[in-house]
Amino acid sequence: MDYKAYIAQRLCIESMSAAEIAEAIAVPPDTSLGDFALPCFKFAKILRKPPVKIAEELAAAYPADGVISEATAVNGYLNFRVSRRGLAEETLARIAREGARYGASDLGKGRTICIDYSSVNIAKPFHIGHLSTTVLGGSLYRIFNFLGYRAVGINHLGDYGTQFGKLICAYKHWGDRNAVQEGGIHAINDLYVRFNSEATEEMEAEAREYFRLIESGDREMSELFEWFKELTLAYVKTIYDRLHVTFDSYAGERFYTDKMQPVIDELEEKGLLVESQGAKIVDLEPYGMPPCLILRSDGASLYATRDLAAAIYRKNTYDFEKCLYVVAYQQNLHFKQVFKVLELMGKEWAKDLVHVAYGMVSLEDGAMSTRKGKVVWLEDVISRCVEKALSVISEKNPDLSDKEAVAEKVGVGAVMFGALCNNKIKDIVFSYDKALNFDGETSVYVQYTCARAASVLAKARAEGAERQAAPASEPCVQEFELLKALADFPDVVKSAAEKYEPSLIARFCVDTAQKFNKFYFDCKILQAESEQAKNFRLALTEATLTTLTNALTLLGIGVPEKM
Ligand code: ARG
């Protein structure tokens, strides 16, 4: 419920719009005077009256109702009190009615958002550097769908480049079909690493020739390439399953092979393409950027060339309202250049392309041993976190059944939450111990809170207790704080979408769990003073579980029933 808008609509102040009034309404630091306050000092000039008088007159005229129960004037402030009963009844009824759809909307009906995320590289490690793009993008995909948009998840595969010539060369010299089939991505990566340290001049030349052959569609080379791609995708999909992310398209860089020439022609026609030392570039100096390289002097296209073709293809294919690129901030310049070139080409929709940049993730114990030397494979981080989760859970609750399944949700959730809980642009240092702290600002804490709520509800069910949205008496402060948080959820989801910031939902989860726990420890639920008080608290508990489950689901994090 947007209280500020609600209040503003019921106030009449000369020459001020409802939006302007809403803007001026604040939440006072000391809520003993009211839940919202409007300082009247800045109206004194327009209304030619002292603020104290303005506040008094507005208070007298304010139509209190079941939403705002009271408006009082205090020293030039107009203070409002939210009707706690009204809030309780309305919020709990709505959550019970909407269930898994609570927080959803049809705001995005008929609107399409493309989201380019994860975008892994074929035959290269799926490493910790891909964590943020994968889970942030995956979460944005869920959030936009939840708000009624058609989200199109695109994995812009890195499947183009000279490294494939190198890989094929390494395979031909040292590879073994069965070993590679068995070893999959790890075997492929070993070959590639070996090439980079051991290749001779002749092998380098051979690799360039193989790359040329792939480009010209040579049958044997294409088959090998497709096989490496298949093995890589089979591997990354196992990780996507664990992280609960999905894609609608795997059109990668190679997909644009035949779609670049028309772009180059168009650049030429529009007089944007300039020769520079044999290469073709778009001059971006007037915009304070280095030139955007379109074709190398040997005629080869570049990463940017393929991104230009991809943006145009996506606009034509999906007619997006926005196209998001969830990519590390290291590529800031690349996207600024690509967006600028499209703008210069006269694509008015270039303004709808958004680089959703994020910071780096590193491990606290950077020295962790991995299968592949320095690179930290995401799979290893996940497995290690799940293992640790299993030992923590076994210690806390030795009798828990299905410990492995719970540990999977907890461990995977902790890794994901690590990339989701801070403002996305911040660099993150991931710590297993911190991420698995049951009392911290963690996903485990939120999951544990859900399990606690579920266990209270299960006991109540066994006793045959009812749930009821109407409170027995004016809700106490713990109940009220929790209710306000729950009522805020739909707005939090919207803000997360507007700002491309799933961390707002992560933050919401932790705050709401804290408020629930305060309520849980301070108010008796099953031993409440009356039947009606118990039933109301059960309804509040159930609404909390529903809302937290929806919130965690939007982050892609699972909710164990018991912990
Ligand atoms: N594969 C690239 C990388 O790992 C990311 C691609 C991002 N998407 C794009 N359209 N450029 O750095």
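Here are a few things to note about the model shown:
- Residue count for the range 139-169 under the criterion of being more than 23 Å from Tyr256 (Cβ to Cβ), touching a Lys or Arg at 6+ places or on another chain (Cβ under 6 Å) and crowded, with 21+ Cβ neighbours inside 10 Å: the result is 1.
- Scanning the range 461-502 for residues that are of a type in the set (D, E, K, R), crowded, with 21+ Cβ neighbours inside 10 Å and out of contact with any Phe, Trp or Tyr (no Cβ under 7 Å at 6 or more places or on another chain) yields one hit, Glu501.
- Conditions (1) more than 16 Å from the ligand (Cβ to nearest atom); (2) touching a residue at least 40 places away in the same chain (Cβ under 8 Å); (3) more than 28 Å from Ala419 (Cβ to Cβ); number of the one not met by Ala73: (2)
Quick grid of which residues meet (1) more than 10 Å from the ligand (Cβ to nearest atom); (2) surrounded by fewer than 16 Cβ atoms within 10 Å (Cβ to Cβ); (3) touching a residue at least 12 places away in the same chain (Cβ under 8 Å):
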| position | (1), (2), (3) |
| --- | --- |
| Tyr318 | yes, no, yes |
| Glu321 | yes, yes, yes |
| Val326 | no, no, yes |
| Leu333 | yes, yes, yes |
| Lys336 | yes, no, yes |
| Val341 | yes, no, yes |
| Leu344 | yes, no, yes |
| Val354 | yes, no, yes |
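- Evaluated against (1) outside any loop (DSSP other than H, G, I, E, B); (2) surrounded by fewer than 14 Cβ atoms within 10 Å (Cβ to Cβ), Lys374 falls short on exactly one condition, (1).
- Selection over the range 469-490 of residues that are more than 18 Å from Ala96 (Cα to Cα), in a helix (DSSP H, G or I) and touching a residue at least 24 places away in the same chain (Cβ under 8 Å) gives a count of 2.
- Hey, Arg194 away from the ligand (no atom under 16 Å from the Cβ) and in contact (Cβ under 8 Å) with a residue 40 or more places away in the chain or not: no
- For the range 94-113, the criterion of a residue being surrounded by fewer than 17 Cβ atoms within 10 Å (Cβ to Cβ), within 16 Å of the ligand (Cβ to nearest atom), assigned to a loop (DSSP other than H, G, I, E, B) and of a type in the set (S, T, N, Q) is satisfied by no position.
- The range 141-176 - residue that is touching a Leu at 6+ places or on another chain (Cβ under 7 Å) and in a helix (DSSP H, G or I) and, of those, farthest from the ligand (Cβ to nearest atom): Trp174
- Selection of the range 285-308 for residues being within 12 Å of the ligand (Cβ to nearest atom) and surrounded by fewer than 22 Cβ atoms within 10 Å (Cβ to Cβ) yields Leu302, Tyr303, Ala304.
- Residue in the range 127-140 that is among the β-branched types (Val, Ile, Thr), within 11 Å of the ligand (Cβ to nearest atom), touching a residue at least 60 places away in the same chain (Cβ under 8 Å) and part of a loop (DSSP other than H, G, I, E, B) present: no
- Residue match in the range 250-272 (condition: closer than 30 Å to Cys385 by Cα, within 16 Å of the ligand (Cβ to nearest atom) and touching a residue at least 40 places away in the same chain (Cβ under 8 Å)): yes
- Applying the set (1) more than 30 Å from Phe41 (Cβ to Cβ); (2) touching a residue at least 60 places away in the same chain (Cβ under 8 Å); (3) of a type in the set (A, V, I, L, M) to Ala170 leaves exactly one unmet item: (2).
- When Lys494 is tested against (1) assigned to a helix (DSSP H, G or I); (2) within 17 Å of Leu545 (Cα to Cα); (3) over 12 Å from the mean Cα position of the chain (by Cα), just one condition goes unmet, and that condition is (2).
- When each of Lys424, Lys409 is tested for being assigned to a loop (DSSP other than H, G, I, E, B) and crowded, with 18+ Cβ neighbours inside 10 Å, the lone residue that passes is Lys424.
Rule-based calculations on the coordinates, nothing more; no lab input. All values derive from a computational prediction rather than experimental measurement. Using ideal geometry, Cβ is built from the backbone for each residue, glycine included, and neighbour counts are taken over all protein chains shown.
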